[in-house]
Amino acid sequence: MRGMMTAVACAAALVLAAGPVRAQAASGEPVWVAAWTASAAPDRKDGTPEAPVLFNAQTVRQDMRMGTSATALRFRVTNELGVAPLHLDALSARLTNGQGAVVPVTFGGRSEVVIPVGAAWISDPVALTVPAFGDVSLSIHFPEATQPAVRRTPVRIVEGRGDVPDSARVVRRQNVISAVYAQRDSAPTVVVALGDSITEGATATLDAHREWTSLLARRFEATCPGQIVVLNQGISGNRLMDHGRSHSALARLDRDVLALPQVDYVILLEGINDIRHNGDPARPGRNAADMILGYSQVVSRLHDRNIRVMGGTLTPFEGSERYEPVSEGTRQALNRFIREDGVFDGVIDFDAAVRDPAKPEGFREGTSRDDRLHPSDEGYRLMAESIDLALFGCRPA
């Protein structure tokens with residue numbers, strides 16, 4: 001197995017030696033890049049079978065922080081994993097700070113659309129000028145009962161058709177927006193973070209942008225202003241190899257990475273949900289050999305598109321509900337592979353950033369939530385600070 005992995009790495013090095021290569025717009029022409037993303041995910045079955053959580057005759061506002069400046073925007077609305085046609089109307093966008101006009105969002109000039117099952121539609125360009133890390137609000141009226149199929153994100157909801165004020169309560173719900181594209185004068189370097197809840201930031205303070213991906217984006221902007229965009233494609237409960245609450249990383253690679261424009265790097269942090277037992281400690285999860293094969297498949301497919309892949313080591317989970325020694329041994333074996341085998345184009349040692357030096361099977365004090373599996377805001381901060389920006393070509397002037 002090691003020989004095969006090394007051969008893959010050597011072949012990739014020849015292709016990638018000169019760095020990411022992509023089609024550039026003609027001189028003076030603007031480009032479109034993803035500035036914000038949320039992965040499609042099946043209905044989480046929130047609520048009960050008798051009273052599922054739906055949007056129905058409600059207006060839903062989602063505030064999204066752009067990862068880059070923009071001279072115009074397009075919104076990607078998805079029904080790729082929906083089970084019924086997606087009926088929407090009265091879409092509008094504005095800057096979240098309340099400055100500037102509310103702008104209608106249309107699709108081929110239409111303000112009311114029905115998106116077929118399995119499809120994603122991209123809006124007409126919207127005339128909004130947004131600074132880097134500016135917040136944009138998209139409001140959508142759902143005229144009939146709808147089960148959204150995008151990972152949970154912070155939203156505000158009001159009954160009926162109308163404005164959604166800042167005073168409306170923020171809740172974490174599934175919605176239908178999977179990307180926002182920004183028009184720029186030049187193409188930045190685009191970094192996609194692919195992972196589970198630890199990447200999604202499910203346990204970071206709600207709507208405070210304290211997940212490690214947001215903090216990393218801030219570090220890039222401080223060091224290399226306007227040059228690098230970070231996109232979060234994490235989904236709670238996601239696995240590398242197998243479907244669970246969402247399609248596996250291998251299965252969603254095309255939809256959540258390769259379908260995005262201008263991707264240069266992927267940070268892969270997947271596996272903790274694969275290797276833990278599924279409720280029976282006597283039956284551990286995936287073994288190291290399976291996982292290594294899965295990692296190599298992701299790397300190979302991304303290298304085919306000339307995308308570099310940074311491997312993130314798996315963070316500790318001793319003391320969590322599904323911890324047991326066999327799975328911990330698998331985690332240690334995978335982290336050695338990620339650090340030492342050379343399959344990845346670079347390594348981000350998230351494990352070293354948050355583990356307890358005296359007991360490295362667990363998080364250090366104050367860096368995890370009570371479940372001893374997910375980072376706290378402080379844990380996310382340490383994860384973001386552990387990343388060498390030079391891996392992505394970002395160096396202080």
**OP:** Identify, among GLY271, GLY98, VAL190, the residue whose Cα sits farthest towards the positive end of the charge dipole of the chain, taking +1 on the Cβ of Lys and Arg and -1 on the Cβ of Asp and Glu, with the dipole about the Cα centre.
**Re:** VAL190
Original post:
Which whole DSSP H helices in the chain pass both tests: a Cα extent of 15 Å or more along the axis and a mean Kyte-Doolittle value no lower than 0.5?
Top reply: 2-16
Original post:
How large is ³J(HN,Hα) for each residue in the range 145-159, as worked out from phi by the Karplus curve 6.51 cos²θ - 1.76 cosθ + 1.60 (θ = phi - 60°), to whole Hz, x for Gly and Pro?
Top reply: 4, 9, 9, x, 9, 9, 4, 4, 9, x, 9, 10, 9, 10, 6
**OP:** Using only Cα atoms, locate the centre of the range 352-388 and the centre of the range 304-342, then give the distance between them in Å, rounded to an integer.
**Re:** 15 Å
Original post:
Listed highest first by mean packing, meaning other Cβ atoms within 10 Å per residue, what order do 374-387, 248-261 come in?
Top reply: 374-387, 248-261
**OP:** Order the peptides 209-221, 289-301 from the highest to the lowest mean number of other Cβ atoms within 10 Å of their residues.
**Re:** 209-221, 289-301
**OP:** Pick out which of PRO42, PRO85, PRO316 has the largest mean-square fluctuation in a Gaussian network model of the chain, springs linking Cα atoms closer than 10 Å.
**Re:** PRO85
Original post:
Of SER167, ILE177, ALA145, whose Cα points farthest to the positive end of the dipole of the range 141-208 (charges on the beta-carbon: +1 Lys, Arg; -1 Asp, Glu; origin at the Cα centre)?
Top reply: ALA145
Original post:
Using the alpha-carbon centroid of each, what span in Å lies between the range 149-206 and the range 30-47?
Top reply: 7 Å
Original post:
So which residue, out of ALA38, ALA51, ALA353, gets the largest mean-square fluctuation from a GNM of the chain using Cα contacts under 10 Å as springs?
Top reply: ALA51
Subject >> Karplus 3J(HN,Hα) series, Hz, for the range 170-184 with 6.51 cos²θ - 1.76 cosθ + 1.60 (x for Gly, Pro) >> reply: 8, 10, 9, 9, 5, 9, 10, 8, 10, 6, 10, 9, 10, 8, 9
Original post:
With +1 on each Lys and Arg Cβ and -1 on each Asp and Glu Cβ, how big is the dipole of the chain about its Cα centre, in debye rounded to the nearest 20?
Top reply: 340 debye
Subject >> ARG173 long-range amide H proximity, modeled H, under 5 Å >> reply: THR153, VAL155
Original post:
Taking the highest mean first, how do the peptides 318-328, 230-240 order by number of other beta carbon atoms within 10 angstrom per residue?
Top reply: 230-240, 318-328
Original post:
What is the mean projected area of the alpha carbon convex hull for the chain, to one decimal in square nanometres?
Top reply: 20.2 nm²
Original post:
For the pair ASP280 and ARG369, how long in nm is the line joining their label points, each one 7 Å along Cα→Cβ?
Top reply: 2.8 nm
Original post:
Which residue, chosen from ASN56, VAL77, GLY67, occupies the Cα position most advanced towards the positive end of the dipole of the range 42-133, where the dipole is computed from +1 (Lys, Arg) and -1 (Asp, Glu) charges on Cβ about the Cα centre?
Top reply: GLY67
Original post:
Considering only the chain, what is the antiparallel percent among its DSSP beta bridges, to the nearest 5?
Top reply: 70 percent
**OP:** For the chain, calculate the relative contact order in percent as a whole number, restricting contacts to Cα pairs under 8 Å that are 6 or more residues apart.
**Re:** 18 percent
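We did not get these values from a lab; they are worked out from the coordinates using the rules stated. Quick caveat, the model's predicted, so the values are computed rather than measured. Reconstructed Cβ throughout: ideal geometry from the backbone, glycine too, with neighbour counts over all protein chains shown.
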